[in-house]
Amino acid sequence: MPGPIFFIVIGTILIIVGILLAIFFFRKKQITIFRSVRNDFERDRNLIAGIPIASELSKVEPVLNNDKMEEKFQSWQERHRVILEEKLPQIDDFIIDFDTLVEQKKFKEAKKQLIKTEMMLAKARSSAELLLSEIQEITLSEEKYRSIVTKLKTKYREMTAHYQEHKEEYGDIQNVIDLQLENIEKRFMDFEKAMEKGEYNDVVHIVKAIDTMVDHMAIIVEEIPDLFLLSTQFIPRRMEQIQAMYREMSEQGYPLEYLNIEYNLEESQKNVKTILDRIRVLNLVDCMFELKTILDYLDSLFNDFEKERLSRKVYDEIDRDFHAKLKKTRKIVRDIYKQFDHIKENYDLNPDEITKFDEINKQLIVIYDSYKMLCGQVKDHAVPYSKSHAELEKLSGDLRALEDDLDHSLTSLGSMYDDEVRAREQLDQIRDLLKQCKDRMKDYKLPIVTDLYFVQLAEANEAINEIMKELDKRPIVIATLNTRVDTARDLILKLYHTTNRMIQMAELSEKAIVYGNRYRSTSNEVEIGLNQATKQFFKGEYQKALETALHTLDLVEPGIYRKLWKHYEA
């Protein structure tokens, strides 16, 4: 049986074989890739050789009619020779060297040769394509430039026709435009002469000049009528309207100095004149933009005028209302301050309330002074109405906030007075209830009045005295007064309830005893019960007397309580 060494040897051999196979297949793949690259080199080399430079040079030869063209032709021939006899053979040598290195499996050197060959191919291709494009500038120039000039002539004729149809709209610069059109026609003639002579280098410049001139004149023909309309009619007319409106509003008392209209109109007129001078020499750069800017400024002045008119109207409306409110508020504050010593003498004011009134008064002074200053400025036409209107709205807002604070403070003072009046009214009501209690006790002569009544009576009298003391104090502490009134009202209601309850119980118990006397002779138990109820009655135990009498009567006449109660209510 094979030992471990055998397996190690076998494994090693397999690994070596695997590595060799990997190397073999890697190199085989590299060789395949390099051969593919080499085929690409051959293709690119043949494409360069196939560029139709020779055929294009043959087209140039018949039109060699001047020394300049002859010199250029010889230069092209020399460059073509260099490509065919020097660069392409050099590329062939590079490709052969690359092949050799690949066959020798010198892959590192082959990669370097690959890069050199690619660079050589790129340079040769660029040189050949550049040479072809230069030659075609001549060979294709007639067809190419005649096509361009034909389109330019069509554009020129359309532009000229439009100009001739609206010639009166171009004012005093018709001669300048006519001269420029003549120059364009001369350039068309120069093109024909250059083409006849084969001066293709000059043709390029002539065509570019014609294209530039036609484009420029197209802009001139299109824009000048609008520019003339703006600069000679719209803007001057707008300036006249603004000047008339400015004079009218100034006479009506509108302060318009802040708009600096006279200076700005003068400057605008100068700018329009300068733009007209530029238009007359066909320099239209930014002319339309500048004229529209001037027109926008003039339109903005109309908006400013309208804003001033509206602001004056609103100012007058707000001013009437504001003046009345300010006058009323100042009168209220003055009246309060006149009575302030009396108020402080009668009521225990919170220090914050006094401070709040002082703050309100200070704010009112500031608002009044600001309003007085604003009125002076408006009267002297020192500020525009738009600014006066905004300032008056701000003052109106400040006055509304002050009125709210004043209302709150006045409500606080008013509540103190109302509390005092209410306390006096409730004192009268409490006294009236006390009198009712006493009168009822006097009218219904009870054998005994309980101690509870007299205690509650004393408490009620004491509470009434406390109210009177608080009302007699100066200044009155409203919180304490309200407490005294609430206490007295609770005590007198308690006394009133006690009085009514005592009299009610006494009256019912007395009626029950009197009603039960008819049964004394019929039942010993009734006799005993009524005697006990009578004793309780004269002791002042009226509720017990009632309970005892009813319990006794219920023995002989069930449901007697309801009968007695109905009798009592009747």
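The values are calculated or read from the model by the stated rules, or taken from the named source; none is laboratory data. Remember, it's a predicted structure, so these values are computed and weren't measured experimentally. In this analysis, Cβ positions are derived from the backbone assuming ideal geometry, glycine residues included, and neighbour counts consider all displayed protein chains. Accessible surface is based on the protein model in full, side chains and every heavy atom, while ligands, DNA and RNA are left aside. Shrake-Rupley method; radii C 1.70, N 1.55, O 1.52, S 1.80 Å.
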**Item:** Answer residue from segment 364-389, given it is exposed (fewer than 14 other Cβ atoms within 10 Å of the Cβ) and in a helix (DSSP H, G or I) and is modelled with the lowest pLDDT among those
**Value:** Lys379
**Request:** Give segment 486-521 a look and list any residue that's surrounded by fewer than 15 Cβ atoms within 10 Å (Cβ to Cβ) and either within 60 Å of the chain's Cα centre (by Cα) or within 12 Å of Tyr453 (Cβ to Cβ) (or both), or say none.
**Result:** Asp486, Lys494, His497, Asn500, Arg501
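Just to check your reading of the model, which residue among Glu345, Glu393 is part of a helix (DSSP H, G or I) and modelled with pLDDT under 85?
None of the other options fit; the residue is Glu345.
Scan segment 430-451 residue by residue and report those that are in a helix (DSSP H, G or I) and either without any contact (Cβ under 8 Å) to a residue 40 or more places away in the chain or exposed (fewer than 13 other Cβ atoms within 10 Å of the Cβ) (or both). Talk me through it step by step, then tell me what you get.
At the first step, the residues of segment 430-451 found to be in a helix (DSSP H, G or I) are 430-443, 451.
Of everything in segment 430-451, those that are in a helix (DSSP H, G or I) and either without any contact (Cβ under 8 Å) to a residue 40 or more places away in the chain or exposed (fewer than 13 other Cβ atoms within 10 Å of the Cβ) (or both) turn out to be Arg431, Asp432, Lys435, Lys438, Asp439, Lys442, Asp443, Asp451.
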**Asked** Does Tyr254 satisfy being assigned to a helix (DSSP H, G or I), at negative phi and touching a residue at least 40 places away in the same chain (Cβ under 8 Å)?
**Response** no
**Message:** Between a residue in segment 542-570 that is over 18 Å from Arg520 (Cβ atoms) and in a helix (DSSP H, G or I) and any residue that is among the hydroxyl-bearing types (Ser, Thr, Tyr) and modelled with pLDDT under 70, which pairs come within a Cβ distance under 6 Å, given they are 6 or more apart or on different chains?
**Reply:** none
**Item:** Top-ranked residue of segment 223-235 - restricted to ones that are open to solvent by 70 Å² or more (accessible area, probe 1.4 Å) and in contact (Cβ under 8 Å) with a residue 24 or more places away in the chain, ranked as nearest to the chain's Cα centre (by Cα)
**Value:** Phe234
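Looking at segment 247-264, which of its residues are of a type outside the set (A, V, I, L, M, F, W, C), open to solvent by less than 60 Å² (accessible area, probe 1.4 Å) and either over 12 Å from Leu298 (Cα atoms) or at pLDDT below 85 (or both)? Steps first, please.
Of segment 247-264, the ones of a type outside the set (A, V, I, L, M, F, W, C) are 247-248, 250-255, 257-258, 260, 262-264.
Retained after the next criterion (residues that are open to solvent by less than 60 Å² (accessible area, probe 1.4 Å)): 250, 253-255, 264.
Of everything in segment 247-264, those that are of a type outside the set (A, V, I, L, M, F, W, C), open to solvent by less than 60 Å² (accessible area, probe 1.4 Å) and either over 12 Å from Leu298 (Cα atoms) or at pLDDT below 85 (or both) turn out to be Ser250, Gly253, Tyr254, Pro255.
Within segment 265-283, how many residues are open to solvent by 40 Å² or more (accessible area, probe 1.4 Å) and of a type outside the set (Lys, Arg)? If you could, list the steps in order and put the result at the bottom.
Kept after step one, since they are open to solvent by 40 Å² or more (accessible area, probe 1.4 Å), are these residues of segment 265-283: 266-267, 269-271, 273-274, 277-278, 280-281, 283.
Filter again for of a type outside the set (Lys, Arg), leaving 266-267, 269, 271, 274, 277, 281, 283.
Qualifying residue count for the region: 8.
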**When residues of segment 114-142 are limited to those that are surrounded by 16 or more Cβ atoms within 10 Å (Cβ to Cβ) and within 17 Å of Arg43 (Cα to Cα), the one modelled with the lowest pLDDT** = Leu114
**Request:** Just one of (1) at pLDDT below 85; (2) over 33 Å from the mean Cα position of the chain (by Cα) trips up Ala324, so point out which.
**Result:** (1)
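Every residue, every condition in (1) at pLDDT below 85; (2) surrounded by fewer than 18 Cβ atoms within 10 Å (Cβ to Cβ); (3) closer than 12 Å to Tyr145 by Cβ, yes or no:
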site	(1), (2), (3)
Asp178	yes, yes, no
Lys186	no, yes, no
Glu192	yes, yes, yes
His205	yes, yes, yes
**Message:** Which count do you get for residues in segment 530-570 that are modelled with pLDDT of 80 or more, among the aromatic types (Phe, Trp, Tyr) and surrounded by fewer than 16 Cβ atoms within 10 Å (Cβ to Cβ)?
**Reply:** 1
**Single condition Val102 does not satisfy, out of (1) part of a helix (DSSP H, G or I); (2) farther than 14 Å from Asp40 by Cβ** = (2)
**Any hit, segment 225-240, residues being of a type in the set (Gly, Ala, Ser) and farther than 24 Å from His166 by Cβ** = no
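To keep it simple, each residue is scored yes or no on (1) out of contact with any Cys (no Cβ under 7 Å at 6 or more places or on another chain); (2) closer than 23 Å to Lys394 by Cβ; (3) surrounded by 16 or more Cβ atoms within 10 Å (Cβ to Cβ).
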site: Ile318; (1), (2), (3): yes, yes, yes
site: Ala324; (1), (2), (3): yes, yes, no
site: Arg330; (1), (2), (3): yes, yes, no
site: Arg334; (1), (2), (3): yes, no, no
